[in-house]
Amino acid sequence: MKVARLTELISRAPWREAVTYRETWPHEYVLSEKDGQQELLEAVRERFRAGEGVACRFFRMKNTYLFIGDHKYWLMTHWDAIQPGVNYVLNRARLYRDRRDFVIQPGDTGKPEDYPAAPAFRG
């Protein structure tokens, strides 16, 4: 799939604000089935299959993220385990353009004044 098609799908998706982490790690999401975003979900999965995902951590949780434009995208289910006809969540968050885009660590609330001084452990 061409990048232009993926960005078109992203721009047409009905992104909604996620209530979870609203005050600390704001992000948005769409639902693959409920929002009719099966094509977008498949386009993102295609990029993961092509090896474009980046392994990162959100505190203790490991996940794979896809960086496109000013956002990072992730799934709550591993992209390879997705089944047709099941409703999946595709999340996105604006990039911070610092190490928080790769490793979120204890003490970092997403607010500039709480940014940890110690480097993030990437192990």
Given 72-82, 36-46, the highest-first ranking by average Cβ count within 10 Å works out to 36-46, 72-82
Relative to the compact-globule estimate 2.2 N^0.38 Å (N residues), the Cα gyration radius of region 49-96 stands at a ratio of 1.17
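Find how much the distance from residue 87 to residue 58 grows on full extension, using 0.36 nm per residue of separation minus their present alpha carbon separation; answer in nm with one decimal.
Gain in length upon complete extension: 8.2 nm.
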Note to self: with every protein chain in place and a 1.4 Å probe, region 26-88 gives an accessible area per residue in Å² of 54
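Write out the chymotrypsin sites (Phe, Trp or Tyr not before Pro) in region 1-64 meeting two conditions: DSSP loop, and at most 16 other Cβ atoms within 10 Å of their Cβ. Display every interim value, and only then the final one.
Working: sites: 15, 21, 29, 48, 58, 59; in loops: 15, 21, 59.
Qualifying residues, ordered by number: 21, 59.
The values are calculated or read from the model by the stated rules, or taken from the named source; none is laboratory data. Everything numeric here is computed off the predicted structure, so don't read it as measured data. Ideal geometry is used to build each Cβ from the backbone, glycine not excepted, and the neighbour counts take in all protein chains shown. Side chains are part of the model used for accessible areas, which takes the heavy atoms of the whole protein and leaves out ligands, DNA and RNA. Shrake-Rupley method; radii C 1.70, N 1.55, O 1.52, S 1.80 Å.
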